[in-house]
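Data first, discussion second: the structure below is written as structure tokens.
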Amino acid sequence: MLNTNTDAREGLAPELQTSSWINTLEPITLSSLLGKVVVLHSFQMLCPGCVQVGIPQAQKVYEEFDPEKVAVIGLHTVFEHHSVMGKEALKVFANEYRLRFPIGIDGYSDHNKDLPLTMSAYQMQGTPTLILIDKTGKLRLHKFGHISDLTLGYSIGALLSEKIIPTEPTGVSQKNTGICDENGCEV
């Protein structure tokens, strides 16, 4: 289920385009989360699949995984019923459901108030949508609808086990350095 593309530049996750945040003091950027696996859960408060399955699953991942290794982010992506799903309603909702992970509110462009910016950038079909981003910032899983807990846990574990191979900046050469792992060392 994971995209195993290894090209370092292909498949980079688009940056989040939020208008505001709850459950965090500072806005969150994907670039600030490099080195962690990112679990991005896009939802709406009035989406039955989100409320019954997606949101509890995101909360469970937030509670179970080490926050130094896995970042769980909610993305409130409203594309319908705009008037009843504003920031104040979201704060009440998050409090009632005891959501503790950071939640960004998807932004809108000035000329298109119907389709949120991050939703558009990720070409989401609706909510819930689950996105996994690896430690290097590459988009590795994009799933509309429910994904089983077992599949999600396995996918997060697989991303956590991947080794990050450092790359040299262009034009810089370091002699006598190698990359070693359980299979040996390479020059």
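The values are calculated or read from the model by the stated rules, or taken from the named source; none is laboratory data. Everything numeric here is computed off the predicted structure, so don't read it as measured data. A quick note on method: Cβ atoms are made from the backbone with ideal geometry, for glycine too, and the neighbour counts reach across all protein chains shown.
Would you confirm whether any residue within region 10-24 is more than 14 Å from PRO128 (Cβ to Cβ), over 14 Å from the mean Cα position of the chain (by Cα), acidic (Asp, Glu) and at pLDDT below 95?
Yes: one or more hits.
Just to verify a result, which residue in region 98-117, among those that are modelled with pLDDT of 95 or more and not in a strand (DSSP E or B), is farthest from PRO27 (Cα to Cα)?
ARG98
Looking only at region 156-187, how many residues end up being at pLDDT 95 or above and either within 19 Å of GLY49 (Cβ to Cβ) or β-branched (Val, Ile, Thr) (or both)?
Within region 156-187, residues that are at pLDDT 95 or above and either within 19 Å of GLY49 (Cβ to Cβ) or β-branched (Val, Ile, Thr) (or both) number 1.
Determine which single condition PHE79 fails, assuming it passes every other condition in (1) touching an Asp or Glu at 6+ places or on another chain (Cβ under 6 Å); (2) over 30 Å from ILE165 (Cα atoms).
Only one criterion in (1) touching an Asp or Glu at 6+ places or on another chain (Cβ under 6 Å); (2) over 30 Å from ILE165 (Cα atoms) is unmet by PHE79, namely (1).
Kindly indicate whether LYS36 is buried (at least 20 other Cβ atoms within 10 Å of the Cβ) and modelled with pLDDT of 95 or more. Walk me through it before giving the result.
Numbers: buried (at least 20 other Cβ atoms within 10 Å of the Cβ): yes; modelled with pLDDT of 95 or more: yes.
It is true that LYS36 is buried (at least 20 other Cβ atoms within 10 Å of the Cβ) and modelled with pLDDT of 95 or more.
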